[in-house]
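Please read the structure below before turning to the comments.
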Amino acid sequence: MIHKYCYILIVLLGFSCKTGPLGISSIDKPFMQKKVVGRKVQLIDVRTPEEFKAGHINGALNFNVKDSVVFSHQVQILDDTKPVYLYCRSGNRSQRAAEYLKKYGFTRILEYSGGYLDWKEQE
């Protein structure tokens with residue numbers, strides 16, 4: 001009986017969290033709502049400061065990946081032993097940021113594939 005529930009749990013987690021080619025996990029809106037927002041996590045919005053000011057996910061810090069010098073300094077405050085959750089507008093910049101973090105030794109990177117556009121949808 002317990003094995004049946006474990007199997008179901010593994011299958012459900014597989015649908016909400018997919019690993020990409022670089023070992024970076026892709027997460028969706030339900031995962032963000034249940035496991036990230038409202039918790040003490042490293043949630044990083046990699047959009048520009050202007051985009052961030054116009055609206056962002058509660059609890060997020062703004063690390064502008066378009067400014068590589070500033071971004072590389074901001075990343076230094078992160079704990080590379082803990083998961084880092086990334087998002088941008090639609091998924092492109094967060095993927096670039098995830099690749100950067102992976103290159104510099106971060107091993108638990110979760111990218112919100114839908115980005116802020118998906119987050120604002122039907123809110």
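The values are calculated or read from the model by the stated rules, or taken from the named source; none is laboratory data. These numbers were taken from a predicted model, which means no experiment stands behind them. Because the Cβ atoms are built from the backbone with ideal geometry, glycine has one as well, and the counts that use them run over all protein chains shown. Note: accessible area is taken over every heavy atom of the protein model, side chains too, but ligands, DNA and RNA are not part of it. Shrake-Rupley method; radii C 1.70, N 1.55, O 1.52, S 1.80 Å.
Restricting attention to region 61-80 and to residues that are farther than 14 Å from TYR104 by Cα and of a type in the set (D, E, K, R), the residue that is nearest to the chain's Cα centre (by Cα) turns out to be LYS66. So which residues in region 40-75 are out of contact with any Gly (no Cβ under 6 Å at 6 or more places or on another chain) and aliphatic (A, V, I, L, M), if there are any at all? Passing the criteria: VAL41, ILE44, VAL46, ALA54, ILE57, ALA60, LEU61, VAL65, VAL69, VAL70, VAL75.
VAL70 passes every criterion in (1) touching a residue at least 12 places away in the same chain (Cβ under 8 Å); (2) out of contact with any strand residue (DSSP E or B) (no Cβ under 6 Å at 6 or more places or on another chain) apart from (1). One residue stands out in region 80-97 among those that are in contact with a Leu (Cβ under 6 Å, 6 or more places away or on another chain) and hydroxyl-bearing (Ser, Thr, Tyr): the one that is least open to solvent (accessible area, probe 1.4 Å), namely SER94. Would you please name the residue that is surrounded by the most Cβ atoms within 10 Å (Cβ to Cβ), looking only at residues in region 98-123 that are within 13 Å of PHE63 (Cα to Cα) and over 10 Å from the mean Cα position of the chain (by Cα)? Per the criteria, the residue is LEU101.
Table: residues versus (1) aromatic (Phe, Trp, Tyr); (2) out of contact with any helix residue (DSSP H, G or I) (no Cβ under 7 Å at 6 or more places or on another chain); (3) more than 27 Å from GLU121 (Cβ to Cβ); (4) at pLDDT below 95.
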position: LYS18; (1), (2), (3), (4): no, yes, no, yes
position: LEU43; (1), (2), (3), (4): no, no, no, no
position: ASN64; (1), (2), (3), (4): no, no, no, no
position: HIS73; (1), (2), (3), (4): no, yes, yes, no
position: ILE77; (1), (2), (3), (4): no, yes, yes, no
position: PRO83; (1), (2), (3), (4): no, yes, no, no
position: ALA98; (1), (2), (3), (4): no, yes, no, no
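Could you run through region 53-79 and say how many residues are assigned to a helix (DSSP H, G or I) and open to solvent by less than 30 Å² (accessible area, probe 1.4 Å)? Residues that pass the stated criteria total 2.
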